[in-house]
Amino acid sequence: MDFLFYFEKNKTKDLNKILTADPYADNSFAKIGYVLKEGATINEKEGSYVYFKTDESVGVKLSKKLAEINGIKLEDGDKERILKKINEQEQNAIEGFGSIFT
């Protein structure tokens, strides 16, 4: 299941604490992996976007942690639009890196 959250710019320090906390725990962000993007890098409003993919039970637990610092869970149209931008940017980075070796 895909999860996407938005955080205002003033929450960056709190967000980093949560994302890096207890990296060896089974249900940590470090173990499941996540993508952190600044809004400006994907032509969205100022702030941070956190995307992660995991099963629903783990996602709900991690979502609660993000909600504690006023993370806004994005759904439907906003979620699809922003995920598309994140995925396109990731794909472009992979293709660019691959061209180094050709």
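Odds and ends about this structure:
- Filtered residues of region 31-84 (kept if in contact (Cβ under 8 Å) with a residue 24 or more places away in the chain, under 14 Å from TYR6 (Cα atoms) and assigned to a strand (DSSP E or B)): VAL35, LYS37, SER48, TYR49, VAL50, TYR51, PHE52, ILE72, LYS73
- A Cβ distance below 7 Å, combined with a sequence gap of six or more or placement on separate chains, defines the contacts here; from region 11-28, residues that are on the phi > 0 side of the Ramachandran plot reach residues that are surrounded by 14 or more Cβ atoms within 10 Å (Cβ to Cβ) in the pairs ASP22/SER28.
- Test: residue in region 87-99 that is within 13 Å of ASP2 (Cα to Cα), modelled with pLDDT under 95 and surrounded by 15 or more Cβ atoms within 10 Å (Cβ to Cβ): no
- Given (1) over 25 Å from ASP26 (Cβ atoms); (2) touching a helix residue (DSSP H, G or I) at 6+ places or on another chain (Cβ under 6 Å), index of the condition ILE72 fails: (2)
The values are calculated or read from the model by the stated rules, or taken from the named source; none is laboratory data. Because the structure is predicted, anything quoted here is derived from the model rather than measured. All Cβ positions, glycine included, derive from the backbone under ideal geometry; neighbour counts span all protein chains shown.
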